[in-house]
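Notes for the one structure printed next.
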Amino acid sequence: MRCGALAAALLLPGAASAQTIQAPLSTAHADEPVAVPAGYALVWSDEFDGKRLDPRKWAYDTSRNKEGWWNNELQYYAANRRENVRLERGRLVIEARRERLSGRADHGGQDYSSGKIQTRGLADWTGGFVEVRAKLACGKGLWPAIWMLGSDEKAGWPGLGEIDIMEHVGWDPGRIHGSIHTKAYNHVIKTQKTAQAMVPDACTAFHDYQLDWNQDRMLIGVDGRAFLRFDNDHKGNPDTWPFAGPQYLILNVAVGGWGGDKGIDADAFPSRMEVDYVRVWQKKPG
């Protein structure tokens with residue numbers, strides 16, 4: 001997902017995790033298999049089999065509730081509230097609701113509640129294979145995402161790099177977006193690398209959303225087929241390849257922003273993204 005309010009996003013502080021306005025302007029398509037590479041081992045996972053979210057693996061991001069989130073998003077991200085984030089029958093549920101939680105100290109006047117969780121400060125990875133099996137929140141106004149941001153925040157956004165493994169906007173059901181944002185390639189200057197795949201039942205069935213990242217390239221895919229390829233130019237320029245360092249993972253369901261470009265349907269709420277598992281593999285040492 002994304003980072004920020006246009007020019008302001010270029011100076012985004014680390015605590016205000018980004019979420020950027022998306023437009024499919026620059027495409028980098030791929031059509032090749034994507035799977036866990038040979039010689040890789042599972043290094044991190046969450047199967048969501050417990051009774052509550054594991055605080056050793058996930059933290060809530062509520063950093064901009066009071067000020068309001070980027071891109072004219074309209075949600076309040078609640079922490080430790082089962083109505084918005086919970087484990088249910090071995091799955092993570094992130095649910096967006098049409099309600100005003102005005103009694104909360106950090107409430108910023110939002111008319112919607114939702115959830116955003118991340119591994120920031122708990123786990124991050126440089127390269128590897130990431131797979132998230134999910135069924136998406138849908139309806140006009142919803143914007144679920146599975147994405148990553150660079151852990152070294154000194155560069156700000158977009159210099160720290162952003163990997164959007166999956167984004168879906170409810171007014172365009174079944175179209176999955178994958179994107180890469182860097183200082184050289186980002187939505188502010190309309191050069192981001194992005195592509196789309198059609199998954200007609202993304203709202204009603206589980207699918208595997210995948211990232212295969214090594215030092216030469218990234219592949220973003222669905223169900224074992226890549227639809228975006230981004231190559232490292234190997235020039236040593238962090239403006240084009242800021243992915244020599246680790247990235248952390250984010251799962252959220254936004255309301256409004258890009259998802260609200262064509263209005264918001266009140267009947268879409270409540271709407272949930274369900275996640276069956278998150279798994280990360282990396283190359284075995286030696």
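Quick note: the coordinates plus some simple rules give every number you see, no bench work behind them. Predicted, not measured: the structure shown is a model, and the values here were computed from it. All Cβ positions, glycine included, derive from the backbone under ideal geometry; neighbour counts span all protein chains shown.
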### Message
Nearest 5 percent is fine: what portion of the DSSP beta bridges confined to the chain is antiparallel?
### Response
95 percent
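Using 1/(1 + (r/R0)^6) with R0 = 22 angstrom and r between the beta carbons of Asp54 and Gln215, what's the FRET efficiency to the nearest 0.05?
0.15
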### Summary
Residues Glu83, Glu32 in order from fewest to most other beta-carbon atoms within 10 Å are Glu32, Glu83
### Query
Tell me, Arg82, Arg133, Arg229 in order of fewest to most beta-carbon neighbours within 10 Å?
Arg82, Arg133, Arg229
### Most mobile listed residue (Ala145, Ala254, Ala184) in the chain, GNM with C-alpha springs under 10 Å
Ala184
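Taking the Cα centre as origin and putting +1 on Lys and Arg beta-carbons and -1 on Asp and Glu beta-carbons, what dipole magnitude results for the chain, to the nearest 20 debye?
540 debye
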### Message
Which residue fluctuates most in the GNM of the chain (Cα springs below 10 Å): Val222, Val169, Val36?
### Response
Val36
### Query
Do the alpha carbons of any pairs in Lys116/Lys284; Lys154/Lys262; Lys116/Lys262; Lys51/Lys262; Lys235/Lys283; Lys135/Lys193 sit beyond 27 Å of each other, and which pairs?
Lys116/Lys284; Lys154/Lys262; Lys51/Lys262
## Note on the structure
The ³J(HN,Hα) series, computed from each phi in segment 51-58 with the Karplus coefficients 6.51, -1.76 and 1.60 at θ = phi - 60°, rounded to the nearest Hz and given as x for glycine or proline, is 9, 8, 4, 7, x, 7, 10, 10
#### Entry: Rounded to whole Hz, the Karplus (6.51, -1.76, 1.60) HN-Hα couplings of segment 209-220, x for glycine and proline
9, 10, 10, 10, 10, 10, 5, 9, 5, 10, 10, 10
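Please say if segment 142-264 is rounded, prolate or oblate, where rounded means a/c under 1.5 for a ≥ b ≥ c the square roots of the C-alpha gyration tensor eigenvalues, and otherwise the choice is prolate for a/b larger than b/c and oblate otherwise?
Prolate is the answer for segment 142-264, as a/c is 1.5 or above and a/b outweighs b/c.
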### Query
Can you give the calculated 222 nm mean residue ellipticity of the chain, where each DSSP H run of n ≥ 4 adds -39,500 (n - 2.57) and the sum is split over every residue, rounded to the nearest 500 deg cm²/dmol?
0 deg cm²/dmol
### Message
Quick check for me: using +1 on Lys/Arg Cβ and -1 on Asp/Glu Cβ, what's the dipole size of segment 219-265 about its Cα centre, in debye to the nearest 20?
### Response
80 debye
#### Entry: Gained length - Asp239 relative to Thr62, 0.36 nm times residue gap less alpha-carbon distance
60.8 nm
### Message
Along the Cα→Cβ direction, 7 angstrom out, place labels at Lys262 and Glu32. What is the inter-label distance in nm?
### Response
3.4 nm
## Note on the structure
Rounded to the nearest Å, the spacing of the alpha-carbon centers of segment 256-279 and segment 110-160 is 14 Å
### Task
For the chain, build the convex hull from the C-alpha positions and give me its volume per residue in Å³.
121 Å³
### Task
Between Asp208, Asp172, Asp233, find the one with the highest GNM mean-square fluctuation for the chain; connect C-alpha pairs within less than 10 Å.
Asp233
